[in-house]
Amino acid sequence: MDFQLDADQKRWLEEVRAFLGENVTPALRAEMAEHDIEFLGGEVTAFRKKIGDKGWFGLNWPKEFGGLGLGAVYQHLLVSEFEYWGVPGPDLTVTSVAPMIMRNGTARNREEFLPPIARGEMTCAVGYSEPDAGTDLASLRTTAVLDGDEWVINGSKIWNSMAQRVTHEWLCVRTDKDVPKHKGISVIIVPIDAPGITIRPIMAWSDYRTNETFFDNVRVPVTNLIGEVNQGWRYIIGALDLERGALTNVGDLRRSVDELIGLAKDERADGLRPIDDPALRRKIAQLDAEVEAARLMGFEASSLLEDGIIPSVLVSAEKIYSSELRQRIADVGTQVLGMAGVLAIGTEGAPLDGKFERLYRAAPLLRFGAGANEVLRDVIAQRGHGLPRGGR
């Protein structure tokens, strides 16, 4: 692979930056700050419509599915740039759900779900985890039973992030109890406003909202089944690998280190400049190099995706690396800022309006989001090196 962008990619990246410069307005940022948890206002919705109008949600989709036909590297550049600017762009509906529909869905699935995803009108939460299953997703108990031309769904999901603000659920259900657990699972698309769905918030330490979602005799058309019945485990694994790959877009980490370098040059309330401390200066330089390494790893993964390969082991390694790097950045950030680093959002005098205080509390989330790092280390050992399964 070539780590240098070609002329077309450089021109297109400038187009993305020009779009962001024109459309990331103070009103958009004010709404995001006010509705940091819910995104209920109109500015974010209007911003997403502009992205859909440009076709950027289907940026790397084949043209036969309504995409622009550009490569995965273009999408990686787009998402990284949006992250750097701190604004919402293509989420896992685009990067994980849609590709699995393209690869495995029926003609009806593609016709019904891909166009609204491309326009930014359809968004999905992913219903994997269940209260008693732990990290063993295949132990899920939520059932879907066929009744005429409808599926009847009963059960619950936990850590169901974004359920409060999406239009649909990419829901994993058990459709056969009489076969080994991995072979009796299917995936069904469920409108989030279907009768029988209840969403309860769970607030994390970082003020991040996730949810517990209950399904009580929820009925959806039989055509909402993705692909083939009882083949859902393959779709889940593929979608999770793509989700981990999307987490290797490290634009927000690049921004954090850039801001940290700026803050380190300023005199703190104690009269010291962090940049004058050789030990702290060395730590910041180390983070700067590690973010660059993570960025290059993201290009490697997107290049393989462009060739049609889902690099399961590689994206697992990258997800571990980038999520643990996020924690190291947060830790050094508190050292640079001193006591001011504990001032939260909205507190007078908080550097960058409390960004690093929030980052410190939020950083642990991605250590277990899209698969706990301990599980992913098992994935690397087993799939990447052929080592035996552990006793977990």
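The values are calculated or read from the model by the stated rules, or taken from the named source; none is laboratory data. Since we're looking at a predicted model, the values are computed, not measured. FYI the Cβ positions are ideal-geometry reconstructions off the backbone, even for glycines, and counts take in every protein chain you see. Side chains included, ligands, DNA and RNA excluded: accessible areas come from the protein's heavy atoms. Shrake-Rupley method; radii C 1.70, N 1.55, O 1.52, S 1.80 Å.
Which loop-located GluC sites (Glu not before Pro) does the range 234-318 contain, where loop means any DSSP state but H, G, I, E or B and the Cβ has at most 12 other Cβ atoms within 10 Å?
Here the GluC sites (Glu not before Pro) that fit, given the DSSP loop and packing criteria, are 267.
On full extension, the segment bounded by residue 377 and residue 281 gains 31.4 nm, given 0.36 nm per residue less the C-alpha separation. Using the Cβ-Cβ distance between residue 231 and residue 265 with R0 = 41 Å, the FRET efficiency computed as 1/(1 + (r/R0)^6) comes to roughly 0.15.
Taking Cα centre as origin and charging only the Cβ of basic (Lys, Arg, +1) and acidic (Asp, Glu, -1) residues, the dipole magnitude of the range 120-164 rounds to 200 debye. Per residue, the range 291-363 exposes 41 Å² of solvent-accessible protein surface, assessed with a 1.4 angstrom probe and all protein chains in place.
Heavy-atom accessible area per residue, the range 189-281, 1.4 Å probe: how many Å²?
Accessible area per residue: 46 Å².
With a length cut of 15 Å (Cα positions projected on each helix's long axis) and a Kyte-Doolittle mean of at least 0.0, go through the chain and give me the DSSP H helices that pass.
Details: long enough: 7-23 (24 Å, -1.00); 42-53 (16 Å, -0.63); 72-85 (20 Å, 0.19); 107-118 (16 Å, -0.67); 232-246 (21 Å, 0.05); 251-264 (20 Å, 0.06); 278-306 (42 Å, 0.04); 312-337 (38 Å, 0.18).
Sorted by number, the helices that extend far enough and score high enough are 72-85, 232-246, 251-264, 278-306, 312-337.
Between the alpha-carbon centres of the range 321-360 and the range 27-100 there is a gap of 26 Å. Scanning the chain for chymotrypsin sites (Phe, Trp or Tyr not before Pro) in DSSP loops with at most 12 neighbouring Cβ atoms within 10 Å leaves 4-204 as the longest stretch between them.
Calculated mean residue ellipticity, 222 nm, the chain: -14000 deg cm²/dmol, from DSSP H runs (n ≥ 4) at -39500 (n - 2.57) each, averaged per residue and rounded to 500.
Could you tell me what percent of the accessible area of the range 242-340 is made up of carbon and sulfur, with a 1.4 Å probe and every protein chain present?
Details: 2350 of 4240 Å².
Summing carbon and sulfur atoms, their accessible area is 55 percent of the total for the range 242-340.
At the listed q of 0.06, 0.14, 0.15 Å⁻¹, the Debye profile of the chain, built from one uniform point per Cα, gives log10 I(q)/I(0) equal to -0.25, -1.36, -1.54.
Counting other Cβ atoms within 10 Å of each Cβ, which GluC sites (Glu not before Pro) in the range 348-391 have at most 15 and sit in a DSSP loop? Here the sparse-neighbourhood loop sites are 348. Note on residue 361 and residue 347: the model spin-label points, each 7 Å out from Cα along the C-beta direction, lie 1.0 nm apart.
A simple spin-label model places pseudo-atoms 7 Å from Cα toward Cβ; at residue 193 and residue 49 they are separated by 1.6 nm. In terms of distances greater than 28 angstrom between alpha carbons, the cross-link table entries 10/319; 63/181; 157/181; 157/183 yield 63/181. Between residue 216 and residue 107, the contour length at 0.36 nm per residue exceeds the alpha carbon distance by 36.3 nm.
Summing +1 for each Lys or Arg and -1 for each Asp or Glu, what net charge is found among the other residues whose Cβ lies under 9 Å from the Cβ of residue 212? Here the count lands on +2.
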